[in-house]
1. What does the charge add up to near Ala514, with Lys and Arg as +1, Asp and Glu as -1, over the other residues with Cβ less than 14 Å from its Cβ?
2. Treating the Cα atoms of segment 356-443 as identical point scatterers in vacuum, please give the log10 of the normalised Debye intensity I(q)/I(0) at q = 0.17, 0.18, 0.20, 0.21 Å⁻¹, two decimals.
3. In terms of the Cα gyration tensor, with a ≥ b ≥ c the square roots of its eigenvalues, is segment 33-189 rounded because a/c is under 1.5, prolate because a/b exceeds b/c, or oblate?
4. When we measure straight from the Cα of Lys486, which lysines land under 16 angstrom away, once same-chain ones fewer than 8 places off are left out?
5. Nearest 10 degrees is fine. How inclined is helix 146-160 to the longest principal axis of the chain, computing both from alpha carbons?
6. How would Glu556, Glu90 line up from fewest to most surrounding beta-carbon atoms within 10 angstrom?
7. By a straight-distance test (C-alpha under 21 Å), which lysines pair with Lys21 as possible cross-link partners, with residues fewer than eight away in the same chain excluded?
8. When the C-alpha atoms of segment 148-296 are aligned to their principal axes, what extent does each axis show, in angstrom, from largest down?
Amino acid sequence: MAFISVAEELTAKGRTEVENKFITKYLPVLDAQAVKVYLFALYVSQSGIINYTSQDFANKLEMDEEEVKSCFDYLEEFELVSVLSRSPFEVKILDAENVYGAPKKLKPEKYSSFASAVQSVITGRMISTNEFMEYYYLLDEYSFEQNALLMIVNYCVNLKGDDIKFAYIKKVAKSFADEGITTAKKVEEKLSSYTSSTPSLLKIFSAAGINRRPDVDDNALYEKWSKELGFSDDAIICAAKHFKAKTSQKIDAALQELYKNRKFDPKEIEDYCKERNSLYACAAEIAKSLGVYIQNASPYVDNYVSAWRDYGFENDTLQLIADYCFLQGKNSFERMNDYVLSLYEEGIITQNAVTEKLERTAAEDKFIKNILNRCGLSRKIIEHDRQCLKRWREWKFSGEDILDAADAAQGKSNPIAYMNAVLSSWKAEGINGKDASSPRKPATGGESSKAIIEQHYYDLRAAAKARADKALAKAMKDEVYSGIKKQLNSLSIKLAFAEVNDEEQAKAISKRIAELNGKGDERLKELGISKDDFVPKYKCKLCNDTGYGKDGKQCECLKRFIKENNL
């Protein structure tokens, strides 16, 4: 939803000007900054500007984002706007003709002594009438004791300077009120706790290179770091340095990550960061090799590189694989991940093993290219070519036999399919590598019939498998289902490790796998896809498109095929 939208009744009026009611009813009493924000919000909404964020809005008005949000909160109190969401920040402009939005009536004379005291504290500027009205509103709405609010103002002035903006004071005051701290005694106790943590925060800020004094938000974060998360000052400083955290928010994010990974001691943090930096450097190098631009390496480290390292692949080995993937057109982290997983399943992990695998692959591709040339084909190698060569080798044919078949297939409309038929007929006749010196010719007569039959059933099985693969590919196009499948693939590998090393972890992973399988089934149902579609559906249920039953005898479908084709 857009940052700013408009109520239907205002849209229907089709106006771009400010409503007169706003000018007569609200303008005299609203804070000047709030008026500025309201008018610009009208402009943005009525100009049809989309994809406008609260940060864009603040930049345009040369204001802080928090100050803009505070102004919208203020306008909401007068029912001129409605804050629909805090994250992302979304606002709806309301009709100024509303019934309940009359400005609140306050009696300034009730707070005359307070007004004098506040002005004596804020000496860097004159306080406007509207700002005084804001202080009175805080006193009235949140039931602050006057001395309590004065103590908060004094604290903020000491922290930010004597020309401090009201928006910050209001923010601090409201944070106190949210905790029920509205009396002078409670405020004093709260400020005393801030004072006690200030030396530690100053030391942390100095180490992190943060050139300002700690404020209320920083103190709240420090309470979280030291008490809730359990980090010592030395550990916080170590984290700030190694994560190069230049703001308290970035320090908080770093400590959250360390807490999640159970790293609390400075030495543990240092070692963790060294490994982390190594992973980030590795991700950057892999991206460069793949020709991929990554603005933020974190997702790639979390989803890919970290897992690859856990499998046992070293940085240099991953770099070698990335170079190969780029050459093969697998130039994305996702496609490289598929190849890495295939290597892992084969037990090929070390650099020597990977190098040998890639050398074998290169030699095979060179041989396949020779086959294609002998067939009269000039296209690129595809995966089907590799599968065919693997099958021919399983049939015990030598390279010379295969090249002879390629020569015989030259000029045919589908040379690879023809090679399958030729080699199949040779296999049926018991002709293999030991007869490599014999001249080869395309099969004829009975040999041709056998080849046709075998090719027919091979095509049937391939078609069934292709349909199943197509159904799976369709499901994998859905981001939700593909995400579940990727998690399942990753967890299955982790389960294998856990079953050996950690029984409790293995149980937890198994439970998670069961949950994900359930979610996957639900998502497939939503997509109108059946899991059964992923299993090949053969034309003949008796022989699964092999032509022969379990007893080894000819299936009825084979008999019909022979009869229909006069074989």
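FYI, it's all coordinate maths here, none of it is from the lab. What you are looking at is a predicted structure, and each value in this text was computed from that prediction instead of being measured. Here the Cβ positions follow ideal geometry from the backbone for every residue, glycine too, while neighbour counts run over all protein chains shown.
1. +1
2. At q = 0.17, 0.18, 0.20, 0.21 Å⁻¹ the computed log10 ratios are -0.65, -0.73, -0.90, -0.99.
3. Values: a/c = 1.96, a/b = 1.67, b/c = 1.17.
Prolate shape, in that a/c is at least 1.5 and a/b is the bigger ratio.
4. In chain and number order, the partners are Lys474, Lys477, Lys494, Lys519.
5. Helix 146-160 sits roughly 60 degrees off the main axis of the chain.
6. Glu556, Glu90
7. List returned: Lys13, Lys36, Lys92, Lys104, Lys105.
8. Principal axes ranked by extent give 62, 31, 26 Å for the Cα atoms.
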